[in-house]
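Please read the structure below before turning to the comments.
Taken together, the values in this text are just the output of simple stated rules run on the coordinates, not laboratory data. Here the structure is a predicted model, which means the values were calculated and not measured. Note: ideal-geometry Cβ built from the backbone for every residue, glycine included; neighbour counts use all protein chains shown.
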Amino acid sequence: MSRALKELEQDGLRYMLNFPLLPDRASTLSVHVDALYFFLVALTLVFSVGIALAIVILAIRYRRERQPKPVPIEGSLVLELTWTIIPLGITMVIFIWAAAIYFYETRPPRGAMEIYAVGKQWMWKFEHVEGQREINTLHVPIGRDVRMIMTSQDVIHSFFVPAFRTKADVLPGRYTSVWFRPTKTGRYHLFCAEYCGTQHSGMIGEVVVMEAADYQQWAQSGTDGSLASAGEKNFQQYGCAMCHRSDTQGRGPNIVALYGKPVLLDDGRTVLADETYIRESIMNPGAKIASGFKNIMPTFEGQISEDEMVALVAYVKALGNGMANPPAPVANPDTGVYPVTPNKEPSMVAPNQPKPAPSQPKQK
Ligand code: CUA
């Protein structure tokens, strides 16, 4: 056999042996999802094998020529209860287990670092609060809770990282959120998992999980200011500051320390000032009028891009929040270790913001 052929054979063997049935397990969630998945596979096996065996055994045992005609059974309460209660128990186990995983996946832990994602036909754009922007590549640090705040510029996409067992739809007109905590450094597939047009299958990328110190260095290298400072520029550029002033003289509500707080509306409802509320108040200001204000703000629909919107949202959040998500701590660049701080009120201003007057008069 020629040497080339031999090498080819060895390559083929290696290829065959390298046949992963599951993607890497690279997040805290993946362990939970896989456990449930294996339980479902085992359950399916037990029933499939049991039913197949029963078919074979009963077919042999009750062959036509050997047995007399069977007598019809009128009903059996015991039998009916058994085949109702046992499957009910099994499905409830699956339901409760899966619901627990769902709650885990959809509730980001307090203090999670935030990364914004904008999906568009056909690419992923990511914006880090430090100011880094990237396309189809997402850098994240190992061992940190990462909350993705995602929206779409056009149609529905879906953010899917198999190695994290993380998947969430990305919708136009609102923010959806998902979180994960990477547990293994490396490069992992990123897919769009919602058919979004002809190039859907090309809407792929890579998640790069880095050591904390490497990430810190990467995130702070070569940016021209934080995302919030870009948002502040937009805030001035679009004239928002004319009405949304940090004193009581503005025609619009004061937005300092707005994020994460309940807002009383003029129709008596109370809504939470989250990312989607901020976005809606810019795109469709008449939808929810803060109590005590008039419906006079023009819409910015079609004037502000999703990228600018993300920056504006980051700016409003940096102006202070109600502890929904305190600002992310910064790792020690030498050790890559994050300081452990007790829960305390976060700073009310972004690092590059002038401090508002200490006694902020309350808006009516
Ligand atoms: Cu985006 Cu499929």
Handout entry: Every residue from the range 174-198 that is under 26 Å from residue 311 (Cα atoms), within 16 Å of the ligand (Cβ to nearest atom) and touching a residue at least 40 places away in the same chain (Cβ under 8 Å)
Key = 178, 190, 192, 196
Handout entry: Tabulated pairs, the range 36-63, first under 22 Å from residue 104 (Cβ atoms) and touching a residue at least 60 places away in the same chain (Cβ under 8 Å), second in a helix (DSSP H, G or I) and among the aliphatic types (A, V, I, L, M), C-beta under 7 angstrom, 6+ apart or interchain
Key = 36/98; 36/101
Fill in the blank from the handout: Of the conditions (1) touching a Pro at 6+ places or on another chain (Cβ under 9 Å); (2) within 23 Å of residue 123 (Cα to Cα), the single one that residue 199 does not satisfy is (1)
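So that you can scan it fast, the table gives a plain yes or no per residue for (1) part of a strand (DSSP E or B); (2) under 30 Å from residue 36 (Cβ atoms); (3) of a type outside the set (Ser, Thr, Tyr):
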| position | (1), (2), (3) |
| --- | --- |
| 108 | no, yes, yes |
| 111 | no, yes, yes |
| 114 | yes, yes, yes |
| 119 | yes, yes, yes |
| 125 | yes, no, yes |
| 131 | no, no, yes |
| 143 | no, yes, yes |
| 148 | yes, yes, yes |
| 167 | yes, yes, yes |
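Which ones in the range 198-236 are in a helix (DSSP H, G or I) and either in contact with a helix residue (DSSP H, G or I) (Cβ under 9 Å, 6 or more places away or on another chain) or among the aliphatic types (A, V, I, L, M) (or both)?
Those that are in a helix (DSSP H, G or I) and either in contact with a helix residue (DSSP H, G or I) (Cβ under 9 Å, 6 or more places away or on another chain) or among the aliphatic types (A, V, I, L, M) (or both): 212, 213, 219, 227, 228, 229, 230, 231, 232, 233, 234, 235.
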Practice task
Looking only at the range 256-270, decide whether some residue is free of Cβ contacts under 8 Å to residues at least 24 places away in the same chain and in a helix (DSSP H, G or I).
Solution key: no
Problem - Qualifying residue in the range 40-59 (condition: in contact with a Ser or Thr (Cβ under 7 Å, 6 or more places away or on another chain) and small (Gly, Ala, Ser)) - result: no
Handout entry: Residues of the range 199-230 that turn out to be within 16 Å of the ligand (Cβ to nearest atom) and among the small types (Gly, Ala, Ser), as a count
Key = 3
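Which count do you get for residues in the range 269-283 that are more than 19 Å from residue 315 (Cβ to Cβ) and under 26 Å from the mean Cα position of the chain (by Cα)?
Just the residues of the range 269-283 that are more than 19 Å from residue 315 (Cβ to Cβ), to begin with: 269-271.
Add one more test, that the residue is under 26 Å from the mean Cα position of the chain (by Cα), and what stays is 270-271.
Counting residues in the range 269-283 that are more than 19 Å from residue 315 (Cβ to Cβ) and under 26 Å from the mean Cα position of the chain (by Cα) gives 2.
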Exercise for the section: Please find, within the range 129-173, the residue that is farthest from the ligand (Cβ to nearest atom) out of those that are closer than 18 Å to residue 207 by Cβ and of a type in the set (S, T, N, Q). Expected result: 132
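Results for (1) in contact with a strand residue (DSSP E or B) (Cβ under 7 Å, 6 or more places away or on another chain); (2) over 19 Å from residue 226 (Cβ atoms), shown as yes or no for each residue.
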site	(1), (2)
261	no, yes
267	no, yes
272	yes, yes
287	no, yes
309	no, no
312	no, no
316	yes, no
